[in-house]
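Okay, structure first, notes after.
Every number in this text was worked out from the coordinates using simple rules, so none of it is lab data. As the structure is a prediction and not an experimental result, all values here were calculated from the model. Here the Cβ is made from the backbone with ideal geometry for all residues, glycine too, and neighbour counts use every protein chain on show.
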Amino acid sequence: MQFFDQQAVASALPYPALIDALARGLQEPIASPLRSHYEPNGDASTVLIMPAWKPQQMMGVKLVSIWPGNAASGKSAVSGVYVLLSCEDGRPLAVLDGTELTLRRTAAAAALAARMLARKNSRTLAVLGTGSLSAPLAQAHASVMAFERILIWGRNPTKAQAVVAQLLERGIAAEVGHDLQATLAQADVVAAASTATTPFIRSDWVQPGTHLGLVGAFTPSMAEAEPALMPRAQLFADSREAVLQKGGEVLQAMQQGLIDASAIQAELAELAAQPEHAWRRDDQAITVFKSVGFAALDWIAAERVCQLAKQATPP
């Protein structure tokens, strides 16, 4: 059985290659049932169990934990492990660092959606949130679009500056966005990744023509943007089924009678299958990509890690 640590997973999954792998892999049949969701402490601390498989090939199971309170002590809010099993004989094949896998596939999926939905002349990216997904989101989006400015906004400017420094070490210039409304006013593309339970993105702050990726809120009670934004926007999902079960802003807008399920115009697999399709109505349209994560994304990423390792191993 092989083990792939954080560095091995990161090395195998550079963003351009991973984004293309997701676009291809989502066209193949991968069983991806809805995840199991547990709150062992009876609070916001969450454990997710996410299986996916291809019959007669491999089954992957991710155990991922989200502990929002970790931010106060400087720890990552997200951690996990991923296990691959043979569907031929049930043998464990590999264990992968699930934290790195989750961060990379989440950022890559959001960037893939932005590549399809954002205006082609987009020049400014704003990343909202300063947690473990902040730098990956900036890296993934910068790999698919030529941004002239990247703004990092967070409630704590010191943490935002730390993300800016982290990106600079990786060759990406960024700056702190000190005011959220002003940051949104400048942004062509927005990527939000937080554990917010109260919306902080006001609908009237989002400018016409903006593409907004909402990737942080992953339960019905969480929300990053006001539900009132949903009827203003063209709405897309990583997975219709998953978003209609877990997507906070979408479900809250539905509960308030602002939209119904038909408001979701396409999911990520459909976007990837038709890369030349004009999904955006026009340059004034607001597009929203709501992501809660689904297990097929992990399976595709894990398969790529294992395939590359096999190719690198001498016969």
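Quick look at the numbers
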read-out: Residues with amide H under 5 Å from that of PHE4, placed H, sequence gap 5 or more; value: VAL95, LEU96, ASP97
read-out: Amide proton proximity set for ILE286, modelled H, under 5 Å, gap of 5+; value: GLY209, GLN234
read-out: Residue-wise HN-Hα coupling along the stretch 202-214, computed from phi with Karplus coefficients 6.51, -1.76, 1.60 (Hz; x: Gly, Pro); value: 6, 4, 6, 8, 8, 7, x, x, 6, 9, 10, x, 9
read-out: DSSP-defined antiparallel bridges as percent of all bridges, the chain, nearest 5; value: 45
read-out: Note, ³J(HN,Hα) from phi for the stretch 142-158, Karplus 6.51, -1.76, 1.60, rounded to Hz, x at Gly and Pro; value: 5, 7, 10, 9, 8, 7, 8, 9, 10, 10, 10, 10, x, 5, 10, x, 5
read-out: Pairwise FRET efficiency - SER203 versus THR158, Cβ, R0 = 30 Å, nearest 0.05; value: 0.55
read-out: Extension gain from ALA309 to GLN245, taking 0.36 nm per residue of separation minus the Cα-Cα distance; value: 19.5 nm
read-out: Share of pairwise Cα separations in the stretch 1-132, more than 23 Å, in percent; value: 43
read-out: Listed pairs LYS54/LYS310; LYS62/LYS246; LYS75/LYS290 exceeding 21 Å between Cα atoms; value: LYS75/LYS290
read-out: R0 of 35 Å, Cβ-Cβ distance ILE49-ALA17: FRET efficiency to nearest 0.05; value: 0.80
read-out: PHE3/ASP89 FRET efficiency (R0 22 Å; Cβ-Cβ; nearest 0.05); value: 0.65
read-out: Stretch gain in nm, segment LEU34-HIS277, where the contour uses 0.36 nm per residue and the Cα spacing is subtracted; value: 84.6 nm
read-out: In Hz, Karplus ³J(HN,Hα) per residue of the stretch 168-181 (6.51, -1.76, 1.60; θ = phi - 60°; x = Gly, Pro); value: 4, 4, 9, x, 10, 7, 8, 8, 7, x, 7, 10, 5, 4
read-out: Largest-first ellipsoid semi-axes for the stretch 21-96, taking √(5λ) over the Cα gyration tensor eigenvalues, angstrom; value: 28, 14, 12
read-out: Cα-based Kirkwood hydrodynamic radius, the stretch 119-293, one decimal, Å; value: 16.1
